Amino acid sequence: MTTIEVFPNPAPDRRYTITHINPEFTSVCPKTGLPDFGTITVKYIPGDTCIELKALKYYFLDFRNKGIFYEAITNKILDELVAACNPIEMEITSEWSTRGGIHSVIQATYSREESR
């Protein structure tokens, strides 16, 4: 898996929100082997570090040929990004293209306060 790189938060004393949206996320359905297409939104309040975008792009590309369910992807991304940058809060939303008449949205959240 690609290393998620971070850089120092340029305003660590200010509480602000960063949102990154990847509208071209792809993975593979582990049941059918067919491609899944979705939008992944990463929204977080940084702690001491921020996520570097090029590394995030390559991290997302690692899922392209991976057979994994929507729920697992969403929670895996949350766990790995939280481990990489130790945010104050983070929310991952995965919104998937309609398949079989069903449109899915999965959301997972982390709060440093709640994890204590």
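The values are calculated or read from the model by the stated rules, or taken from the named source; none is laboratory data. Since we're looking at a predicted model, the values are computed, not measured. Note that we place each Cβ from the backbone using ideal geometry, even for glycine, and neighbour counts take in every protein chain shown.
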Quiz item: When region 95-116 is examined, which residues are found to be of a type in the set (S, T, N, Q) and either farther than 18 Å from Thr17 by Cα or outside any strand (DSSP E or B) (or both)?
Solution: Ser97, Thr98, Ser104, Ser115
Self-check item: Any hit, region 40-51, residues being surrounded by 12 or more Cβ atoms within 10 Å (Cβ to Cβ) and without any contact (Cβ under 8 Å) to a residue 40 or more places away in the chain
Solution: no
Quiz item: Can you pull out the residues in region 59-84 that are assigned to a loop (DSSP other than H, G, I, E, B) and aromatic (Phe, Trp, Tyr)?
Solution: Phe63, Phe69
Self-check item: Members of region 57-73 found to be farther than 19 Å from Thr32 by Cα and either at pLDDT below 95 or under 9 Å from the mean Cα position of the chain (by Cα) (or both), listed by number
Solution: Phe60
Quiz item: When both residues are 6+ apart or on different chains and their Cβ atoms are under 7 Å apart, which pairs have a first residue that lies in region 2-17 and is under 26 Å from Arg64 (Cα atoms), and a second that is of a type in the set (Val, Ile, Thr) and surrounded by 12 or more Cβ atoms within 10 Å (Cβ to Cβ)?
Solution: Ile4/Ile51; Val6/Thr49; Val6/Ile51; Phe7/Thr49
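Give region 60-90 a look and list any residue that's touching a strand residue (DSSP E or B) at 6+ places or on another chain (Cβ under 8 Å) and of a type in the set (Lys, Arg), or say none. Walk me through how you get there before you give the answer.
Going through region 60-90, the residues touching a strand residue (DSSP E or B) at 6+ places or on another chain (Cβ under 8 Å) turn out to be 60, 63-68, 70-71, 73-75, 77-78, 81-82, 84-90.
Within region 60-90, Arg64, Lys66 qualify.
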Quiz prompt | Number of the condition not met by His20 [criteria: (1) surrounded by 12 or more Cβ atoms within 10 Å (Cβ to Cβ); (2) touching a helix residue (DSSP H, G or I) at 6+ places or on another chain (Cβ under 9 Å); (3) at pLDDT below 95; (4) not hydrophobic (A, V, I, L, M, F, W, C)] | solution = (3)
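Being crowded, with 16+ Cβ neighbours inside 10 Å, assigned to a loop (DSSP other than H, G, I, E, B) and more than 12 Å from the chain's Cα centre (by Cα) narrows it down to one residue among Pro87, Pro10, Pro30; which is it?
Details: Pro10 fails: crowded, with 16+ Cβ neighbours inside 10 Å; Pro30 fails: crowded, with 16+ Cβ neighbours inside 10 Å.
Going through Pro87, Pro10, Pro30 in turn, just one is crowded, with 16+ Cβ neighbours inside 10 Å, assigned to a loop (DSSP other than H, G, I, E, B) and more than 12 Å from the chain's Cα centre (by Cα): Pro87.
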